[in-house]
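Before any comments, here is the structure.
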Amino acid sequence: MYDLMIIGGGPAGLSASIYTARKRLNALLISGDIGGQINQTLGIENYLGYQFIEGPELIDKFQTQMSQYPIDQKIGDKVSRLEKIEGGFEAVAEAGDRYQSRAVIFAAGKRARKLKVPGETELTGRGVTYCAICDGPVFAGQRVAVVGGGNSALEAALDMVKIAEYVYLVSLTPLSGDAILIDKLSDAKNLSILTEHQTEKIEGQDFVERIVIKNLKSGESKQLDVGGIFIEIGLMPNSEAVSGLIKLNEAGEVPVNCSNETELAGFYAAGDVTTVPEKQIIVAAGEGAKAALQAHRYLQRLAE
């Protein structure tokens, strides 16, 4: 049985792993991949210490730092279920393997909702992005499309009209975001709002070149020449593995307090999978560090 099991290989899980290793805990990091949502991020300009860094490069730096510390890793093996057992917890992986620990830090992150249209997967990271805050400046001076009609899409459009040549806001339904955001967009001269339009496909060779949309009223399809597409139709927390262990909020997130504690003793959570409001790399990394320190204190109390 491990002292601590860290589930998730994004910035929260990796930060927790480094802090855990420095406390000399016998720990296991288990994750389907390393980096999480950062793998889909073109460029990062708001992470302390780097004026600009690409997502894969930042992940590589995380891994290089982690390699200096002794911590067991099971990468490529997702946890499908986490259970409470006597003396701790047991994680059941998709491959059928089981891992046990006295305490857990759950940092499984979120995943972007996908449009599930042709070209989306192939051009993700090459013009298709799911984070305007992260990648917006990369497309300064270009024509871009924002797909979505809620607050996240409206906020992305507001950010992009300030720096892009032109912005198309494409929504399947009438805009559903806050009225104040819609009012702010009405003043933008370099914006077209296309409601009740369905995204049919994304096209391009090496990078995004255009988006094809369909007017649901007329049935007419047309192409928009753009260099970037921001898909802002929401995020889904990767919390299925703990849905039977604790009570999630309405959004499926893991409720935590300011010490990263959940309703279950010994079970901590950090990063985007939690109720912490700001979903940013630097926030997730900090939350992972906090969770590791709290878990260490918990394990110390168990040993007394």
Within the stretch 102-134, take every residue that is assigned to a helix (DSSP H, G or I) and closer than 21 Å to I193 by Cα and give me the one that is modelled with the highest pLDDT.
A132
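Residue-by-condition table, conditions (1) hydroxyl-bearing (S, T, Y); (2) in contact with a helix residue (DSSP H, G or I) (Cβ under 6 Å, 6 or more places away or on another chain); (3) in a strand (DSSP E or B):
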{"position": "L14", "(1), (2), (3)": "no, yes, no"}
{"position": "I30", "(1), (2), (3)": "no, no, yes"}
{"position": "E57", "(1), (2), (3)": "no, no, no"}
{"position": "F62", "(1), (2), (3)": "no, yes, no"}
{"position": "Q68", "(1), (2), (3)": "no, no, no"}
{"position": "A91", "(1), (2), (3)": "no, no, yes"}
{"position": "Q100", "(1), (2), (3)": "no, no, yes"}
When residues of the stretch 35-81 are limited to those that are in contact with a Leu (Cβ under 7 Å, 6 or more places away or on another chain) and among the β-branched types (V, I, T), the one surrounded by the fewest Cβ atoms within 10 Å (Cβ to Cβ):
I71
Give the number of residues within the stretch 254-286 that are assigned to a helix (DSSP H, G or I) and either under 21 Å from G234 (Cβ atoms) or not assigned by TED's automatic domain parsing to the domain that holds N26 (or both).
6
Just to verify a result, which residue in the stretch 249-264, among those that are of a type outside the set (G, A, S) and more than 24 Å from H296 (Cα to Cα), is surrounded by the fewest Cβ atoms within 10 Å (Cβ to Cβ)?
E250
Quick check: is even one residue across the stretch 221-228 farther than 29 Å from K279 by Cβ, in contact with a Lys or Arg (Cβ under 6 Å, 6 or more places away or on another chain) and hydroxyl-bearing (S, T, Y)?
yes
Residues of the stretch 169-228 being closer than 22 Å to V138 by Cβ, of a type in the set (A, V, I, L, M) and in a strand (DSSP E or B), in sequence order, are L169, V170, L191, I202, I211, L224
Which residue out of K222, K214, K290 is out of contact with any Asp or Glu (no Cβ under 7 Å at 6 or more places or on another chain) and not assigned by TED's automatic domain parsing to the domain that holds G43?
K222
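The values are calculated or read from the model by the stated rules, or taken from the named source; none is laboratory data. In this text, all values refer to a predicted model and were calculated from it rather than measured experimentally. Neighbour counts run over all protein chains shown; Cβ positions are idealised from the backbone, glycine included.
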